[in-house]
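Step one of this worksheet: look at the structure below.
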Amino acid sequence: MKLKVNGVEYEIDPDWHDENLLDVLRDYLGLTGTRFSCGIGNCGACMVQIDGLSINSCLASLSMAAGKEILTIEGMAADDGTLHPLQQAWIDEAVPQCGYCQSGQLMRALSLLKENADPDDADIDQAMNGNLCRCGSYPRIRRSIKKAAIVLREAR
Amino acid sequence: MVQLTRRNFLIATGWIAGGVTVLYKLGSRAKAVAPTIIFPDKEMASTWIQIRPDGGCLMYCPRMDMGQNANTGLAQIVAEELNISTNDIEAVQPSTSDVPPLAVTAGSMSLTAFSRPMAIAAASLRENMRERAASRLKLSIREVLDDQAGFRATDGRLVRYADLVNEAPVFVEIDEHSSLPDLYAFDTQRQKKQVGQPVKPLGTRDIVTGAPLYAADVPMEGVLFGRAVRPPVRNAEIAAVDTRGVTDVPGFLKLVQEDNFVGVVCKTPGSVNAAMSKIKVSWHLKQTINQDEIDRLVNVDDELERGDLEHTLHDEAHRPNADWAVDLRFDVQVQSHAAQEPRAAIARFNEEGNEEGTKHLLEIWTGTQDPWAMKRFAALHTGLDEEDIVIYPQRMGGGFGGREHYEVEQDAVRLTSAIGRPVKVQWTRKDEFMAARNRPASAHRLRLAADETGRLTDWWHAYVTGHVVLARERLPRWLLPVARLREDMGVVRGTNPAYETTHLRVEYKDVDLPVDLGVWRSLNAAPSLFAIESAMDELALQLGEDPVEYKISQMRGELTRLKVCLERVRDMAKRYPVPEGEGYGRGFACGIYEGRCFVAVSADVYVDRDKERITVKHMCCAQDVGMAVNPDQLSAQMESNMAWSVGMALLERLEVGDDDIQSSNFDNYPIVRMADMPSVETEVIDQPAVPPAGAGEVALIAGPAAIANAIRNATGYRPLSLPISFADIAYGQD
Ligand code: FES
Ligand code: FES
């Protein structure tokens, strides 16, 4: 079985075929930026994008992910290291506290901005409600998404 | 491998292998300026800072990072002293073999205890560099002036630190003859470049790019995966184990069954889950676990009737039969830390020593507030010498007081020693709930009386709570009875009234509860202040006074810093009028944390009778924790505490079932989500002349009471029990 993550194709050892996507990413491929927190699809810490849709990878089987384009936090910046405007806004607004939830937050925010180039607070609250942050960085996430949205709109 | 690279890196820079120019020993003078009894190894502050041959600065982070970003504040102070930019400091988290023991990262102590020794160390290093510059330029020291990352001579010549360092990095030497250098960070007259600036926290870029940071991220050759069965409470003993079918699970490697422990090692994380689902354990419990039992144990009214509150904190001209204007009972339920990261650890035995030829027989990678305690525990557990064990502390995905103990680490050590390969143990979310050392439930009886002019005259606060710092799970059994003769500093926190009163009694009893207890963000201060600030609000309303003005008028005269916070928040809130109409309300609360942090909070709520929902719309928070080293990070902590305030006021309650902990995940222990989160406005009150105090848990003491008071304002109903649900609200008129 093959898995394509951040543009790179990986052959997955048969011992790992029954694992969920999260564990394969983290413990087989060493892409540990995607994190485990609840394991039941309730918190968004494990969020990645599969063919452009944000998915909780703790609930995704390997077979459903195989053959699709998977994007993880490690693939969010440009190849030359230039950060995505969302990542940059996250730094500028000093969003992370412990940081544990933030890969998932960024993945969800990325798909939100694909769906909606100019989200208001209500749009953000709705889209981001599945991504828990125990540290309570929510006000800064709201600000950063709006900031990045402006940057992305202007770049168009 | 992350850790090994880091060690190689340290060796390469000469940090841990010889080549050190000056070996450092701190003299008595520096000791005298940092009188912190719980930090016995403060001497070492200077070894944490070095100037590298390339002129850069490397700093060991003396605090364990879990989101409070204390190391960033310390780096700002170091940068201020060295005339460099904070972001040019390379910060490294030391292992237990890199530096002598450091105090546990807890209780918002980080900045208070560490800022001054580190400032002295960095300033001494700067002066050492100045001497080098003077001798190179053949000038007197007075002719060598500060400049960015170096010096400027009065004749205009520039030298940088890089010009002044040879092959080996430079540490500083201070002894009892050293004079105390000028401390820029603490100079109130000085225009500062780093301190007081909203510097971005260390490591933020790593977080947003998904770099490996937490224990479970550490890459490890040949690692296997394991887990053990967690007991519902720590003093439970295994009664029976059924492991049928475990060995048939694909990927299964080993079942480990020894004194009160059942665990497995498997090839993959998924096979661990499958194997663990086959294991059935029943437990011998020493105490019945259920909610009724908890309610019974903290029933303050029963205890008052029996005269059974054993500790008295204040007893001044107490009048038990005063004419009580307010006589209310407040309850707070058990709460769990629910940090976003479920704990994980990797352990590995090394018969030969590790790749660098050092001799550690046991290596543990984990996120912990107290790596050195971890090392001692591991030594006791394995019988190894402490020198043979090394703990590599990793960033924590939230701590909040819950990560001081040798637990997930112990599981990893047992399993790795059974299988002879490195083992990673990743707790599930349910394990994390089962293992939490929760905030105890508590019950408070608050009685207040005032004279005919409205002046507060009598104060009687009686409460019962579970143990906190002296919880059964935190101390060896033999020590408990002795330790408990003294006050539990977690249980008494926050109970000293901020208001002037003639007749005063504060008494409490602390008890063992049938769930595991420990230190939870702000300890007893938030529950106590919920009761106190609600009762004061009620007293003001009964007297027909505005609660904020009434509190200000009754506040102890010396508490001007608290008064300023409350006035500030009152004025901030004024800018947003409370909407007209049913269900809108505003409440205020304030409090003092650890005697040196002051905070006030306002909350605006909307209680929607149709949707049967309470929403916190907006909160304002003004806080004074002394010198504001990083105002933006102080704001971040205030925002975080507002999130926890909403959770504590409206959502969080550990569900306890019959002989079991039922909260097992975020679906049955809800925490604040984006849609629950109010907008938050913060104001940092800077006190440049007051040493900085940590702000990680301060604002939580006032938030829940502000929300409760807002609900009272919106509905006329006085919330008496946390968490408050819509169903509790008794609408008076109908
Ligand atoms: S870990 Fe997948 S949603 Fe929480
Ligand atoms: S930053 Fe800690 S959980 Fe979000």
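Where a number appears in this text, it was derived from the coordinates with a stated rule and is not lab data. Keep in mind it's a predicted model, so treat the numbers as computed, not measured. Note that each Cβ is placed from the backbone with ideal geometry, even for glycine, and that neighbours are counted across all protein chains shown.
So how far apart, in nm, are the two label points at B:LEU475 and B:TYR576 if each is 7 Å from Cα heading toward Cβ?
Label at B:LEU475, label at B:TYR576, 4.4 nm between them.
Checking the cross-link filter: which lysines have an alpha carbon closer than 30 Å to that of A:LYS4, excluding same-chain neighbours under 8 positions apart?
Once the sequence-local lysines are set aside, what remains near A:LYS4 is A:LYS68, A:LYS114, B:LYS267, B:LYS424.
Note down the relative contact order for chain B as a percent, whole number, built from C-alpha pairs under 8 angstrom at least six residues apart. Could you put the intermediate results ahead of the total?
Working: 1634 pairs, mean separation 101.3, N = 734.
Relative contact order for chain B comes out at 14 percent.
Identify the residues of segment B:267-289 with backbone N under 20 Å of a label point that sits 7 angstrom from the Cα of B:ASP248 along the Cα-to-Cβ direction, or state none.
Residues passing the 20 Å test: B:267-268, B:270-281.
Once the other residues with Cβ under 10 Å from the Cβ of B:GLY56 are scored (Lys, Arg +1; Asp, Glu -1), what is the net sum? Let's see the in-between values first.
Numbers: positive: B:ARG52; negative: B:ASP54, B:ASP88, B:GLU90.
Surrounding charge for B:GLY56 is -2.
Classify the protein assembly as shown as rounded, prolate or oblate, taking a ≥ b ≥ c as the square roots of the eigenvalues of its Cα gyration tensor: rounded when a/c is under 1.5, otherwise prolate if a/b is larger than b/c and oblate if not. Don't skip to the end; give the middle numbers.
Details: a/c = 1.41, a/b = 1.13, b/c = 1.25.
Note, shape of the protein assembly as shown comes out rounded.
Counting only other residues whose beta carbon sits under 14 Å from that of A:ALA77, what net charge do I get with K and R as +1, D and E as -1?
Details: positive: B:ARG205; negative: A:GLU74, A:ASP79, A:ASP80, B:ASP206.
Within the 14 Å Cβ shell, the charges total -3.
If I take R0 = 25 Å and measure r between the Cβ atoms of B:ASP660 and B:ASP206 in this structure, what FRET efficiency does the formula 1/(1 + (r/R0)^6) give, to the nearest 0.05?
On the way: r = 39 Å, r/R0 = 1.56.
So, using R0 = 25 Å, E works out to roughly 0.05.
With point charges of +1 on the Cβ of Lys and Arg and -1 on the Cβ of Asp and Glu, referenced to the Cα centre of segment A:85-155, which listed residue (A:PRO139, A:ASN129, A:CYS101) lies farthest in the positive direction of the dipole?
Going by the charge dipole, the pick is A:CYS101.
Give the calculated FRET efficiency between B:ASN166 and B:GLN191 to the nearest 0.05, with a Förster radius of 35 Å applied to their Cβ-Cβ distance.
Values: r = 33 Å, r/R0 = 0.95.
Between B:ASN166 and B:GLN191 the formula returns 0.55.
Does chain B come out rounded, prolate or oblate by the C-alpha gyration tensor, with a ≥ b ≥ c the root eigenvalues, rounded set by a/c under 1.5 and, if not, prolate when a/b is larger than b/c and oblate if not? Can you show the working numbers first?
Working: a/c = 1.99, a/b = 1.18, b/c = 1.68.
Oblate, since a/c reaches 1.5 and b/c is not below a/b.
Round to the nearest 0.05 the FRET efficiency obtained for B:ASP54 and B:ASP146 when R0 = 22 Å and r is the Cβ-Cβ distance. Please list the in-between numbers first.
On the way: r = 20 Å, r/R0 = 0.91.
FRET efficiency, B:ASP54 to B:ASP146: 0.65.
Tell me what chain A gives for mean residue ellipticity at 222 nm when only DSSP H runs of n ≥ 4 count, each as -39,500 (n - 2.57), the sum divided by the residue total, rounded to 500 deg cm²/dmol. Mind dumping the intermediate values first?
Working: 5 runs with 52 residues, N = 156.
After summing the helix terms and dividing by the residues of chain A, the value is -10000 deg cm²/dmol.
Restricting to chain B, compute how many DSSP beta bridges are antiparallel as a %, nearest 5.
Working: 81 of 112 bridges.
The antiparallel fraction comes to roughly 70 percent.
Stretched out fully, how many nm does the piece from A:ASP121 to A:ILE40 gain, at 0.36 nm a residue minus the Cα gap?
Working: separation 81, 0.36 × 81 = 29.16 nm, distance 2.67 nm.
Gain on extension, A:ASP121 to A:ILE40, equals 26.5 nm.
What size of dipole, in debye to the nearest 20, comes out for segment B:668-732 about its Cα centre when the only charges are +1 on Lys and Arg C-beta atoms and -1 on Asp and Glu C-beta atoms?
Working: 3 positive and 6 negative charges, 61 e Å.
Dipole about the Cα centre, nearest 20: 300 debye.
Could you tally the net charge around B:SER721, taking each other residue with its Cβ under 12 Å from the Cβ of B:SER721, Lys/Arg +1 and Asp/Glu -1? Numbers along the way, then the final one.
On the way: positive: B:ARG329, B:ARG653, B:ARG718; negative: B:ASP295, B:ASP331, B:ASP728.
Within the 12 Å Cβ shell, the charges total 0.
Using the Cα centre of segment A:1-93 as the reference point, and only Cβ charges (+1 on K/R, -1 on D/E), how large is the resulting charge dipole? Debye, rounded to the nearest 20.
Numbers: 5 positive and 15 negative charges, 49 e Å.
Here the size comes out at about 240 debye.
Would you be so kind as to identify which of B:VAL262, B:ALA103, B:THR86 lies farthest towards the positive end of the dipole of chain B, taking Lys and Arg as +1 and Asp and Glu as -1 on Cβ and the Cα centre as origin?
Farthest towards the positive pole: B:THR86.
Return the sequence-ordered ³J(HN,Hα) values of segment B:655-670 in whole Hz as given by the Karplus equation 6.51 cos²θ - 1.76 cosθ + 1.60 applied to θ = phi - 60°, using x for Gly and Pro.
7, 10, x, 6, 6, 7, 8, 8, 5, 10, 6, 6, 7, 10, 9, x
Does anything in segment B:266-281 have its amide N under 18 Å from the 7 Å Cα→Cβ label point of B:HIS381, and if so which residues?
B:266
For chain A, rounded, prolate or oblate, judged on the Cα gyration tensor with a ≥ b ≥ c (square roots of eigenvalues), a/c < 1.5 rounded, else prolate if a/b > b/c?
Values: a/c = 1.99, a/b = 1.59, b/c = 1.25.
Taking the square roots of the gyration eigenvalues as a ≥ b ≥ c, chain A is prolate.
What list of ³J(HN,Hα) values in whole Hz, one per residue of segment A:29-44 in order, does the Karplus curve 6.51 cos²θ - 1.76 cosθ + 1.60 (θ = phi - 60°) give from phi, with Gly and Pro shown as x?
Each residue of segment A:29-44 in turn: 8, x, 8, 8, x, 7, 10, 9, 9, 10, x, 10, x, 9, 10, x Hz.
Averaged over peptide B:668-677, how many Cβ atoms belonging to another chain are found within 10 Å of each residue's Cβ? If you can, show how the numbers build up before the last one.
On the way: counts 1, 0, 2, 5, 5, 10, 18, 8, 3, 10.
So the per-residue partner count for this stretch is 6.
Given Cβ point charges of +1 (Lys, Arg) and -1 (Asp, Glu) and nothing else, what value in debye, to the nearest 20, does the dipole of chain B about its Cα centre take? Walk me through the numbers on the way to the answer.
On the way: 80 positive and 104 negative charges, 328 e Å.
Around 1580 debye, computed over chain B.
With the cut-off at 27 Å, tell me which of the pairs A:LYS147/B:LYS200; B:LYS563/B:LYS617; B:LYS278/B:LYS375 have Cα atoms farther apart than that.
Details: A:LYS147/B:LYS200 17 Å; B:LYS563/B:LYS617 25 Å; B:LYS278/B:LYS375 33 Å.
Over 27 Å apart, Cα to Cα: B:LYS278/B:LYS375.
Dipole of the protein assembly as shown (Lys/Arg Cβ +1, Asp/Glu Cβ -1, origin at the Cα centre): which of B:ALA121, A:ALA66, B:SER725 lies farthest to the positive side?
It is B:ALA121, whose Cα lies furthest towards the positive end.
For B:MET59, list long-range residues whose amide hydrogen, built 1.01 Å from N in the peptide plane, is under 5 Å from its own amide hydrogen.
B:GLU90, B:ALA91, B:VAL92
Starting with the highest mean, order B:603-614, B:464-475 by the number of other Cβ atoms within 10 Å, averaged over the residues of each peptide. Present the calculation step by step, with values, prior to reporting the outcome.
Numbers: B:603-614: 18.6, B:464-475: 22.6.
Top to bottom by mean Cβ count within 10 Å: B:464-475, B:603-614.
Could you give me the ³J(HN,Hα) list for segment B:180-193, computed from phi with Karplus coefficients 6.51, -1.76, 1.60 and θ = phi - 60°, whole Hz, x at Gly and Pro?
6, x, 4, 9, 5, 4, 9, 7, 5, 7, 7, 7, 8, 9
Any idea how far the Cα center of segment B:583-661 sits from the one of segment B:121-180, in Å?
47 Å
For chain B, what does -39500 (n - 2.57) per DSSP helix run (n ≥ 4), summed and divided by total residues, give at 222 nm, in deg cm²/dmol to the nearest 500? Write out the running numbers ahead of the final one.
On the way: 18 runs with 195 residues, N = 734.
About -8000 deg cm²/dmol.
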